[in-house]
Amino acid sequence: MWILILVLISIASVLIYQEVQQDKLLRTVTHKGRGTWSERDLILKLLKNGFSSEKIFHDLYVQKPDGSFSQIDIAIVTEVGIIVIEVKHLSGWIFGTGNQSKWVQVLAYGKQKFSFYNPIFQNNSHIRFLRSRLSNIEDIPFYSLIVFYGDCVLKDLSLIPSETSIVKSDDVIVTIKNLIQTGKELTYTNLAEIEAILFESVNHGEDRDIRLQHAENIQKKWNSTNF
């Protein structure tokens, strides 16, 4: 009996230690109060696979020309450009094409269907506003990456633009490394200024008023559609 208790205590201690270490690692980029579990898990994957915490930016609120904000899940500054990541956590079958505004999530073996905004369009708009924000600094290549978490199946996706990658979370590191290996290496001339704007966008996300206003804008946009 005592041996079992000691074993359980030992296991619990190891789990607590691992949790503390993961939280410490995560805090080099972000913290548990930012974003979703899936986003934070992806950040940990990046860090554990050698990506520098100084090049990973999480939960960015990029200011648009009209003063509103575009929210980006994750951006990575790499030697071939900036990879902008949209993270989705869904179950069921996923259907969609690159040129349709609506994608479909099918649950319960076809008994339930839900529409959601095309994540390619969504991430492209994020890139457009970030590119505009950085346009006076440097001409930078951007890569769009859509990452699906959860037990969803990417059932039928077609007409996906060549500049967009769509993967399940298990394949994300291989995909990012492949983008870097096949891309053309850059010589940044204003890297400090670029990173300053990205840090500024991250800091916007700590502002409660900005977050609330953004959420209200998204809700208004959602209500005005036929989703």
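The values are calculated or read from the model by the stated rules, or taken from the named source; none is laboratory data. Everything quoted here is computed from the prediction, not taken from an experiment. We place every Cβ from the backbone using ideal geometry, glycine too, and count neighbours over all the protein chains shown. Note: accessible area is taken over every heavy atom of the protein model, side chains too, but ligands, DNA and RNA are not part of it. Shrake-Rupley method; radii C 1.70, N 1.55, O 1.52, S 1.80 Å.
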In the stretch 165-213, anything in contact with a Leu (Cβ under 8 Å, 6 or more places away or on another chain) and assigned to a helix (DSSP H, G or I) is listed as Ser169, Val172, Ile173, Thr175, Ile176, Leu179, Ile194, Ile197, Leu198, Ser201, Val202, His204
Kindly indicate whether any position in the stretch 75-92 is within 30 Å of Glu185 (Cβ to Cβ), modelled with pLDDT of 95 or more and among the hydroxyl-bearing types (Ser, Thr, Tyr).
yes
Those residues of the stretch 40-56 which are part of a helix (DSSP H, G or I), free of Cβ contacts under 8 Å to residues at least 40 places away in the same chain and in contact with a helix residue (DSSP H, G or I) (Cβ under 7 Å, 6 or more places away or on another chain), in sequence order:
Arg40, Ile43, Leu44, Leu47, Ser53
Kindly list the number of the only condition in (1) over 25 Å from Thr189 (Cβ atoms); (2) surrounded by 14 or more Cβ atoms within 10 Å (Cβ to Cβ); (3) without any contact (Cβ under 8 Å) to a residue 12 or more places away in the chain that fails for Asn124.
(3)
Exactly one of (1) under 24 Å from Glu185 (Cβ atoms); (2) more than 12 Å from the chain's Cα centre (by Cα) is unmet by Phe69. Its number?
(1)
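Quick check on the stretch 170-182. Is at least one of its residues farther than 26 Å from Leu44 by Cα, loosely packed, with under 12 Cβ neighbours inside 10 Å and without any contact (Cβ under 8 Å) to a residue 12 or more places away in the chain?
Filtering the stretch 170-182 for residues farther than 26 Å from Leu44 by Cα gives none.
No - not one qualifying residue is present in the stretch 170-182.
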Considering only residues of the stretch 71-121 that are assigned to a loop (DSSP other than H, G, I, E, B) and among the aliphatic types (A, V, I, L, M), which is surrounded by the fewest Cβ atoms within 10 Å (Cβ to Cβ)?
Val80
Answer yes if at least one residue in the stretch 195-217 is open to solvent by 80 Å² or more (accessible area, probe 1.4 Å), under 16 Å from the mean Cα position of the chain (by Cα) and within 25 Å of Asp66 (Cβ to Cβ), and no otherwise.
yes
Could you count how many residues in the stretch 62-103 are under 22 Å from Ser158 (Cα atoms) and not basic (Lys, Arg)?
19
Considering only residues that are open to solvent by less than 30 Å² (accessible area, probe 1.4 Å) and either of a type in the set (Val, Ile, Thr) or assigned to a strand (DSSP E or B) (or both), which ones fall in the stretch 138-164?
Ile140, Phe142, Ser144, Leu145, Ile146, Val147, Phe148, Tyr149, Thr164
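Identify the residue in the stretch 27-39 that is in a helix (DSSP H, G or I) and open to solvent by less than 40 Å² (accessible area, probe 1.4 Å) and, among all such residues, is farthest from Tyr149 (Cα to Cα).
Glu39
Hey, among Thr164, Thr175, Thr182, Thr189, which residue is at pLDDT 95 or above and more than 24 Å from Gly50 (Cβ to Cβ)?
Numbers: Thr175 fails: more than 24 Å from Gly50 (Cβ to Cβ); Thr182 fails: more than 24 Å from Gly50 (Cβ to Cβ); Thr189 fails: at pLDDT 95 or above.
The match here is Thr164.
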Which of the residues that make up the stretch 192-225 are over 22 Å from Ile85 (Cβ atoms), modelled with pLDDT of 90 or more and polar (S, T, N, Q)?
Gln213
